[in-house]
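So the structure is just underneath, and the comments pick up after that.
The values are calculated or read from the model by the stated rules, or taken from the named source; none is laboratory data. Given the structure is predicted, the values throughout are model-derived calculations rather than measurements. For neighbour counting, all protein chains shown are included, and Cβ atoms are generated from backbone atoms with ideal geometry for every residue, glycine included. Just so you know, the surface numbers come from the protein's heavy atoms only, side chains and all, with ligands and any DNA or RNA stripped out. Shrake-Rupley method; radii C 1.70, N 1.55, O 1.52, S 1.80 Å.
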Amino acid sequence: MIQVTTATLQFDHWQQTLARSITDPAELLERLQLPDSLLPAARKASELFGLKVPHTYLDRIRPADPADPLLRQVLPLGAELEKTAGYSHDPVGDHAASLQPGLLQKYPGRALLLATGACGIHCRYCFRRHFDYVASNPAKQDWQPVIASLAGDSSIHEVILSGGDPLSLTDTKLLRLIDMLEGIKHIKRLRIHTRLPVVLPERITSALCDGLASSHLQTVVVLHINHANEIDAAVADVCQKLQHTGSWLLNQSVLLAGVNDSVAALTELSERLGDCDIHPYYLHQLDRVLGAAHFAVPDEVARQLVAKLRDSLPGYLVPKLVREHAGEFSKTPL
Ligand SMILES: *Cc1c(COP(=O)(O)O)cnc(C)c1O
Ligand code: SF4
């Protein structure tokens, strides 16, 4: 008889949900009762960067509302085909900062590992929408070259797992990677940049939580939430679970026109994050990636929005407004 453990069941479950994600623009429009007139542009734009929305996220989108702030983050639009001056394939200089396939270092003390190219959702504004993950995949060789470089550089105290979304890796792969990082004496902190707890809460398995809780590294989970409507009861619940592992929970958002570029939306987001024990960390000005110009908010408007937040929220619920410039040693405060 085959033994099925709880761990395998959970594992299968989130992977199956992810595999059943909507990738066909026609299906997205139909499910959300949106007009067919959106289809030709959605098809064209999704040829450049595919559509991907799991049902767990779709359920939070209001039907029949083309302006829904969650829909706007995932619906491919004709505007993505426009070439805008100042917008490029690699706006933040990832290519120049690459130490070797899958490993980037821009800032002192911290190295960023592109653990996988896969994501739980495709965000239309993503600055890595053109990134060549196939050429940069370090998992292929069981992380060996990356682990060897990290072990050889004692100035690195923090490893940031990024991607793609590092939680798209299976627990087995991820925990093995964490295990290898724990073997490097000078590494103190492990940071995970992820959107999966929000997009697909069931991804937060007990195996993952146990792994984080038992790690001797200080673990920091940086979520990516842009709108209060993204935080439903299931999301709040897994944030509690992550909190109980002893990890710090932070959030970064991207300021996006038509999604969260209002005082009301940003205030509600911060309040909701606070309710869930998540600290707002960064509010990013959009990286100028080709195809995302329609999401841009002018710096002046961004500054005014954050000034208004400061007037009405406790200081710890006001995120830092920053922009990333290629070649600088930190994100730049605005
Ligand atoms: C943003 C980023 C970091 C982390 O910066 P913090 O300011 O510490 O959050 C590290 N490495 C790279 C390549 C980054 O883009
Ligand atoms: S989850 Fe993150 S890396 Fe993936 S598409 Fe969205 S913004 Fe980009």
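A few remarks follow.
- Qualifying residue in region 63-75 (condition: under 21 Å from residue 254 (Cα atoms), of a type in the set (Asp, Glu) and surrounded by fewer than 14 Cβ atoms within 10 Å (Cβ to Cβ)): no
- Boolean, residue 290 is in contact (Cβ under 8 Å) with a residue 60 or more places away in the chain, within 16 Å of residue 73 (Cα to Cα) and in contact with a strand residue (DSSP E or B) (Cβ under 8 Å, 6 or more places away or on another chain): yes
- Taken over region 160-183, the criterion of being open to solvent by 10 Å² or more (accessible area, probe 1.4 Å), among the hydrophobic types (A, V, I, L, M, F, W, C), more than 16 Å from ligand 1 (Cβ to nearest atom) and out of contact with any Gly (no Cβ under 8 Å at 6 or more places or on another chain) is satisfied by 169, 180.
- In region 69-86, the qualifying residues are those that are more than 16 Å from ligand 2 (Cβ to nearest atom) and touching a residue at least 12 places away in the same chain (Cβ under 8 Å), and the one that is nearest to residue 160 (Cα to Cα) is 86.
- Filtered residues of region 100-137 (kept if at pLDDT 85 or above, open to solvent by 40 Å² or more (accessible area, probe 1.4 Å) and within 13 Å of ligand 1 (Cβ to nearest atom)): 105, 106, 108, 110, 127
- Consider region 291-305 and keep the residues that are of a type in the set (A, V, I, L, M, F, W, C) and buried (at least 19 other Cβ atoms within 10 Å of the Cβ). The one that is farthest from ligand 2 (Cβ to nearest atom) is 305.
- Look at (1) in contact (Cβ under 8 Å) with a residue 24 or more places away in the chain; (2) open to solvent by 20 Å² or more (accessible area, probe 1.4 Å); (3) of a type in the set (D, E, K, R); (4) closer than 17 Å to residue 103 by Cβ and you find that residue 140 fails only one, number (1).
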